[in-house]
Amino acid sequence: LLAATGTVTVKVLTFGEERVGGVVASLAKMGFRVVGRFSPEIGILTWGTYSDFGLVRVRLDASYLVPIARLGAVRYIEPQEEMQLFNQQEQYVLQTNATAEGAGVRKIWDNGLRGDLQTIALSDTGLDYDHTMFRHDQSTVTLGADFTANSIYNTTNAARRKVIRYLTMSQYVGVDPWGTDPGPRKDGPDGGCGFGHGTATSAAAAGFDSTFTPASLNDGMAPNAKLVMMDIGRVDATACDDLLSYIPDDYADLFGPAYAPAPVGAGARIFSGSWGGTSSAYTTEARMVDTFVWNNPDAFIVFANGNNPPAPTTGSPATNKNGIAVSGATGVTSREAVSSGASRGPTTDGRRKPDTTTFYWTTSPGG
């Protein structure tokens, strides 16, 4: 940031015991008004005090960075990154790599490892729970798929075949999930925009349509597991693309509702995020993952290592230390090869990432 010029968007982090209001007041004296989270203008985007830190997001000219860094309450300043969607490959790559169904081709499943009694919480663009992978049965979308008090949005119900809870994250950034925009509570709203990333990742994790059809190549890795969706996405109708606009400023608000016991939460202990930024630094986002796992040691958090070739960097928050970063294989034809779209590490501070991959590594001359 010291070398930055022109307009930059940054996160100003304060010490936990310091009031964020003082920083906001200082920015106001410098001429920066509050413009709102989604504004493209110069000014203060958001601010708040969270579990053990304060945060102010602001867009400004880089010449103001050093004066702001000198404020007594400021711990440090880092660039603001927009998170991007990551996802590669499916369950058969992790087993025998055979695309046909039948005896002996799904060795992990043949040994009884199908995700029974597990709950996976995914943070993504949303979930089409009317899909055959997720619906309750042939005639019922899911139990309580309306907006009433007992709906999938408001009550955790382990009796649901697949999706036991749908959590709308937009409320943590001040956006009403029941407003005119269906994005905070759906995946790929009507109109042809959005590509259903959250539905795809949910299917890769625990999708199971074999209840209704013969064994499917599209079934997920843990077909007997339950799912929780933490919807952080919306669709930009202008660009016709998915955006991860509703990631809470404090990741305790992201993971906490799914981690909390039912009926308030969903009791999830496995968390998956197929998204991240392009920075391979140890950012605030990575630190928040570490803090949540430190405070909840039975939480298992997995993030995609990144899809940003040719740069080998790992994308934060996969740069965390207490979670797991996973990279992707080329796929069916050559699972021993690293995907051309997968980041390979290391992190900026020299740590080896990813922690694991979905392929077997093969040695080569000099490698």
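The values are calculated or read from the model by the stated rules, or taken from the named source; none is laboratory data. Just so you know, these numbers come straight off a predicted model, no measurement behind them. When we count neighbours, we look across all protein chains shown, and the Cβ atoms used for this are built from the backbone with ideal geometry, even at glycine. Side chains included, ligands, DNA and RNA excluded: accessible areas come from the protein's heavy atoms. Shrake-Rupley method; radii C 1.70, N 1.55, O 1.52, S 1.80 Å.
Could you tally the net charge around residue 57, taking each other residue with its Cβ under 10 Å from the Cβ of residue 57, Lys/Arg +1 and Asp/Glu -1? Walk me through the intermediate numbers first.
Values: positive: 11, 37, 59; negative: 249.
Residues close to residue 57 contribute a combined charge of +2.
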Check: Residue by residue, what Karplus-based ³J(HN,Hα) values in Hz, rounded to whole numbers, does region 5-10 have, using 6.51, -1.76 and 1.60 with θ = phi - 60° and x for Gly and Pro?
Finding: 9, x, 7, 10, 10, 9
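Can you list which of the GluC sites (Glu not before Pro) found in region 1-74 are DSSP loop residues with at most 10 other C-beta atoms within 10 Å? Before the final figure, lay out the partial values.
Values: sites: 17, 18, 41; in loops: 17, 18, 41.
The qualifying sites are 17, 41.
At R0 = 35 Å, how high is the FRET efficiency between residue 224 and residue 69 if r is their beta carbon distance? Nearest 0.05 is fine.
Values: r = 51 Å, r/R0 = 1.47.
Efficiency, rounded to the nearest 0.05: 0.10.
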Next item on the list: Describe numerically, in nm with one decimal, the distance between label points set 7 Å from Cα along Cα→Cβ at residue 37 and at residue 195.
Entry: 2.5
Item checked: Sum of side-chain charges, residue 47 neighbourhood, beta-carbon under 12 Å (Lys, Arg +1; Asp, Glu -1) -> +3
Item checked: Segment residue 148-residue 61, length gained on full extension (0.36 nm per residue, minus Cα span) -> 26.6 nm
Next item on the list: Sticking with the crude label model, points 7 Å out along Cα→Cβ, report the distance from residue 296 to residue 51 in nm, one decimal please.
Entry: 0.8
Note to self: At 1.4 Å probe size, what's the solvent-accessible area of residue 37? Round to the nearest 10 Å².
What the structure shows: 60
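Multiplying the sequence separation of residue 76 and residue 356 by 0.36 nm and subtracting their Cα-Cα distance, what value in nm do you get?
Fully extending the segment from residue 76 to residue 356 adds 97.7 nm.
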Notebook entry, point to check: Per-residue accessible area for residue 47 at 1.4 Å probe radius, Å² rounded to 10?
Noted result: 120
